Amino acid sequence: MEINQELVDAINDQLNFELYSGFIYLSMATWFEEHYLSGFAHWMEVQYQEEFNHAMRFYRHLTERGARVIMKQIDAPKTEWNSAAEIFAEAYQHEKIVTERIYKIGELAQKAGDQSTQSMLIWFYNEQTEEEKNTMELRDKLKMIGDSIAALMQLDAMARGRPPAEPVPS
């Protein structure tokens, strides 16, 4: 079954949004590096890699279906924050937006009767649950510790233990 153009356009938009998401996380990593929070910087670098991998999943889905991938200009991300807590609050809100966008693609796929896209999106539904959980937990822990430098450093050290992103299956 040929993928319909409305769905191709939505997936192309999401592919580009995943790359933009990666830029956001890399910008956040830079902020953490500048503030000597290398564990959080590492966490955000892994997040950047994951977003790139998400874009590649959408890329592969389109190319395997014979659709054309359209790369678009990516806006520059924000570069300044007041705290680690602010960054993770924004990361959590951003992941909620990503989830909404993916659900909308799912609705389009269902309307089009495109089971292939629906099947591909199951992985993303599960991934977004994890993405929201991870950013929410760090947001909430940072809220809990308040202004405690010792607790911030301990949480930063824990963030350094995040394993690297899994590669996209071929």
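Quick note: the coordinates plus some simple rules give every number you see, no bench work behind them. Bear in mind the structure is a predicted one, so any value in this text is a computation, not a measurement. Neighbour counts run over all protein chains shown; Cβ positions are idealised from the backbone, glycine included.
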Subject >> Evaluated at q = 0.20, 0.30 Å⁻¹: base-10 log I(q)/I(0), Debye formula over Cα of segment 10-71 >> reply: -0.68, -1.09
Subject >> Where Rh is the Kirkwood radius over Cα pairs, Rg/Rh for the chain >> reply: 1.02
Subject >> Extension gain (nm, one decimal) between residue 144 and residue 104, 0.36 nm per residue minus Cα-Cα >> reply: 11.0 nm
Subject >> Candidates per GluC sites (Glu not before Pro) in segment 60-140, loop by DSSP, up to 12 other Cβ within 10 Å >> reply: 80
Subject >> Highest average packing first - 112-119, 71-78, 46-53, Cβ atoms within 10 Å >> reply: 46-53, 112-119, 71-78
Subject >> Kirkwood Rh in Å, taken over segment 131-170 so that all alpha-carbon pairs contribute >> reply: 11.7
Original post:
Residue-wise, which Karplus ³J(HN,Hα) couplings in Hz belong to segment 105-111, taking 6.51 cos²θ - 1.76 cosθ + 1.60, θ = phi - 60°, and x for glycine or proline?
Top reply: 5, x, 5, 5, 5, 5, 4
Original post:
For residue 81, which sequence-distant residues (separation of 5 or more, or a different chain) have an amide H within less than 5 Å of its own amide H, given hydrogens modelled in the peptide plane?
Top reply: none
Subject >> Hypothetical label at residue 69: residues of segment 3-47 whose amide nitrogen lies under 14 Å (7 Å Cα-Cβ projection) >> reply: 11-20
Original post:
Using θ = phi - 60° and the Karplus curve 6.51 cos²θ - 1.76 cosθ + 1.60, what whole-Hz ³J(HN,Hα) does each residue of segment 41-54 get, with Gly and Pro shown as x?
Top reply: 4, 4, 4, 6, 5, 5, 4, 4, 4, 5, 5, 4, 5, 5
Original post:
Got a sec to turn the phi values of segment 156-164 into Karplus ³J(HN,Hα) couplings, 6.51 cos²θ - 1.76 cosθ + 1.60 with θ = phi - 60°, whole Hz, x for Gly and Pro?
Top reply: 4, 5, 5, 5, 4, x, 5, x, x
Original post:
What's the extension gain from residue 118 to residue 79 if we count 0.36 nm per residue and subtract their Cα-Cα distance?
Top reply: 10.5 nm
Subject >> Cα-Cα over 25 Å, subset of 104/133; 96/143; 72/104; 104/143; 72/141 >> reply: 104/143; 72/141
**OP:** Show that you can apply the helix-only estimate: for the chain, add -39,500 (n - 2.57) for every DSSP H stretch of four or more residues, divide by all residues, and state [θ] at 222 nm to the nearest 500.
**Re:** -27000 deg cm²/dmol
